[in-house]
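Student: Attaching a single structure in structure tokens format; questions to follow.
The values are calculated or read from the model by the stated rules, or taken from the named source; none is laboratory data. Bear in mind that the values here come from a model prediction, so they are computed numbers and not experimental data. Note: ideal-geometry Cβ built from the backbone for every residue, glycine included; neighbour counts use all protein chains shown. The accessibility values were calculated without ligands, DNA or RNA, using every heavy atom of the protein model including side chains. Shrake-Rupley method; radii C 1.70, N 1.55, O 1.52, S 1.80 Å.
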Amino acid sequence: MTDTLEQHFDATIEHDRRIEPRDWMPDAYRNTMIRQIAQHAHSEIIGMQPEGTWITRAPSLRRKAILLAKVQDEAGHGMYLYSAAETLGADRTDLTERLIAGRQKYSSIFNYPTLTYADVGVIGWLVDGAAICNQVPLCRSSYGPYARAMVRICKEESFHQRQGYELLLTMAAGTDAQRAMVQDATNRFWWPSLMMFGPPDDASPNTERSMAWGIKRHTNDELRQRFVDMTVPQAEKLGVTLPDPDLRWNPERGRYDFGTIDWDELTAVIKGNGPCNAQRVERRRQAHEEGAWVREAAAAHARKAALGADGDRVHGGGAGS
Ligand code: BYC
């Protein structure tokens, strides 16, 4: 029986069709999907913090409205992704508790501080730009609910990237002090943005298996290179210098060469030793605790809604049964 199911799974992957929640799948596929989707969801939720800190300090009403909308989108992305993880049998509360206990990862990039308003622009330009590069191919990922969630997420990320670039173009056309802020933010976020794509291919334990299963469509290094090639002309138009003396066009490869990434830094940040890891997780823990009454109220409301006016259950089963 398992043989037939496994053959069906293999054939689905081979023909580039989607695996759906009720399909049989190997445990390792399920666990890999839960790991990646949970890490992605956690990144969206923790990713609200570095920019969220600027909402009350936005320089104008327009900038505040834009930033609020962006941060709200990130909460929405986290919710779609937790829902996608639930279709695999994961439990959202359990995933959150693992994050808070440091047993599940989230993207390294959100462990760096946001020091000026130019950081909001640079996060949109570089961090969301890297996210788009990484996530557009995930719209063709083999797991149906994840791939479908990614279509909407990518559309919104594209708006985020443009709002960041527009903010930077505005600052670049401003005063010398504003241009210096843009350059400083670029200097601080360039290398961490390249690290978002993960370790180099020869040190990436999951890539081969995830590519064979159609979860990932490109390797970490391929996507990193694509991001560099896309970003250099944007930096030129903006008038900022990317902080890499080895960055230059290679006519033979038809791509940009770039300098060596500090992989020790990425390892340290992933292990929890980046500049803001402790602060980010602590803030998430506090928010989770402070939100307990909302979850309790929602569960009580769901129980009540499941009962008719005369106390009979309207839908057989459901919450509180
Ligand atoms: N940071 O074998 P590898 C966003 C982990 S949200 C931390 O290459 P894989 C946004 C990796 O998980 C951005 N950990 O792994 C939100 C693995 O851990 P395990 C998030 C990292 O999965 C708000 C180990 O290192 N995007 O854009 O094949 C505002 C070995 O790596 C990192 C996603 O999550 C890292 N940078 O490839 C603005 C996209 N890199 O096995 C923007 C979906 C690696 O010990 N995820 N690790 O548990 C992916 O595409 C892939 O999971 C990755 C890693 C490319 C990230």
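Student: Give the residue, chosen from Asp202, Asp221, that is buried (at least 16 other Cβ atoms within 10 Å of the Cβ), free of Cβ contacts under 8 Å to residues at least 40 places away in the same chain and assigned to a helix (DSSP H, G or I).
Tutor: Asp221
Student: Something else: Give me the pairs: first residue in the range 245-269 and free of Cβ contacts under 8 Å to residues at least 40 places away in the same chain, second residue among the hydrophobic types (A, V, I, L, M, F, W, C) and open to solvent by 50 Å² or more (accessible area, probe 1.4 Å), beta-carbon distance under 7 Å, and six or more apart or on different chains, which are they?
Tutor: So the pair list comes out as Asp246/Phe258; Leu247/Phe258; Tyr256/Trp249.
Student: With a cut-off of at least 1 residues that are modelled with pLDDT under 95, name the helices (runs of 4 or more DSSP H) lying wholly within the range 242-319.
Tutor: 292-305
Student: If you scan the range 233-259, which residues turn out to be closer than 17 Å to Ser193 by Cα and of a type in the set (A, V, I, L, M)?
Tutor: Of everything in the range 233-259, those that are closer than 17 Å to Ser193 by Cα and of a type in the set (A, V, I, L, M) turn out to be Ala235, Val240, Leu242, Leu247.
Student: Another question about this same structure. Which one of these is of a type in the set (Val, Ile, Thr) and modelled with pLDDT under 95: Thr12, Thr2, Thr32?
Tutor: Thr2
Student: Write out, first by first residue and then by second, each pair whose Cβ atoms fall under 9 Å of each other, whose residues are 6+ apart or on separate chains, and whose first residue, in the range 36-65, is closer than 24 Å to Thr207 by Cα and aliphatic (A, V, I, L, M) while the second is open to solvent by less than 10 Å² (accessible area, probe 1.4 Å) and within 8 Å of the ligand (Cβ to nearest atom).
Tutor: From the range 36-65, the pairs are Ala41/His77.
Student: Additional query: Across the range 37-53, what is the number of residues that are more than 15 Å from Ala287 (Cβ to Cβ) and open to solvent by 30 Å² or more (accessible area, probe 1.4 Å)?
Tutor: Residues in the range 37-53 being more than 15 Å from Ala287 (Cβ to Cβ) and open to solvent by 30 Å² or more (accessible area, probe 1.4 Å): 1 in total.
Student: What are the residues in the range 7-25 that are open to solvent by 100 Å² or more (accessible area, probe 1.4 Å) and under 18 Å from Lys216 (Cα atoms), if any?
Tutor: Glu14, His15, Arg17
Student: With Met195, Met150 as the choices, which residue is within 27 Å of Met79 (Cα to Cα) and touching a Cys at 6+ places or on another chain (Cβ under 6 Å)?
Tutor: Residue meeting the stated conditions: Met150.
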